[in-house]
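Have a look at the structure below before the remarks.
Values in this text are rule-based calculations from the coordinates and carry no lab data. Just so it is clear, the structure is predicted and the values come from calculations on it, not from any experiment. Glycine gets a Cβ as well: all are built from the backbone with ideal geometry, and neighbour counts include every protein chain shown.
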Amino acid sequence: MIGIVEKTLFERGGNVIVPAFAVGRTQEVLFHLHRLTCEGRLQRPMVFVDSPMATEATRITREHLELFDEQAKRLAGWHARGENLPYLDFTASAEESMALNRIRSGAIIISASGMCDAGRIRHHLRHNLPRRECSILFPGFQAQGTLGRRLIEGAERVRIFGEDIPVRAAIHSVDGLSAHADQKALLDWARAFIQAPAQTFVVHGESSAAQTFADLLQQQLGWQVTVPEYGHVLRWPDFLAVER
């Protein structure tokens, strides 16, 4: 992440656009940017959080520092201003959000939604994707069919707000920031159930991974598991009736 940010901001003179989930991922990105700047490994950046939900989630996070580990407590001064700290601003109004698109260089803009299918992030992509000096940095998984996934897979042009937008910015994906439990952790969680659910539905992740996990639940725990397809209907309260 350091190399991407410094090359984009200070060598190419562009912006770094970060599509991030408002709860959890935005705060994690802020933590790492703050840590890297405090350690002197990253030149002082201008960071803007452009998501009302992310702003509120960050406020709540900072009100409960007693839940942090010691390292996180030391680095939790996200709102602090200082010579060796990132410049950090939280935009509130639509006007403030639009004003960010007048910044041509030196900004890290963190905005939602994380997969780019809605929210203010689409405006920032519209303004920065055509610029070769900019970078789009994805810190999270991008599901099939989303704009984020198309960008990661190398789309040369995308449609945003009915416009055909050329993709000239550099596209990067940072692994290792996912907050999702892996297969083993989910199985351990399921084993803790005193009584198995009457019916379990696996609806998250790629279809092949979802089916693999469903098979493990059936084989190892004896659970009744379904991986619904698009259009399946669950009729309450009959958990076992799944219809097309």
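Between Gln199 and Ala155, the distance separating the two model label sites (each 7 Å from Cα on the Cα→Cβ line) works out to 3.5 nm.
Taking Cα extents along the principal axes in Å straight from the coordinates, which label in [x] 51, 36, 30; [y] 47, 45, 33; [z] 58, 47, 31 is the correct one? Derived directly from the coordinates: [z].
Residue exposure proxy: Lys73, Lys184, ordered by other Cβ atoms within 10 angstrom of their Cβ from fewest to most, comes out as Lys184, Lys73.
Working from label points 7 Å from Cα in the Cα-to-Cβ sense, the Trp236 to Glu56 distance is 2.4 nm. Label-to-label distance for Ala94 and Gln144 is 3.6 nm, based on points extended 7 Å past Cα in the beta-carbon direction. Is it possible to state the helix-based mean residue ellipticity at 222 nm for the chain, with each DSSP H run of 4+ residues giving -39500 (n - 2.57), the sum divided by total residues, to the nearest 500 deg cm²/dmol? What is it? One gets -9000 deg cm²/dmol as the mean residue ellipticity at 222 nm. Computed from the C-beta positions of Glu163 and Ile103 and an R0 of 22 Å, the FRET efficiency is 0.60 to the nearest 0.05.
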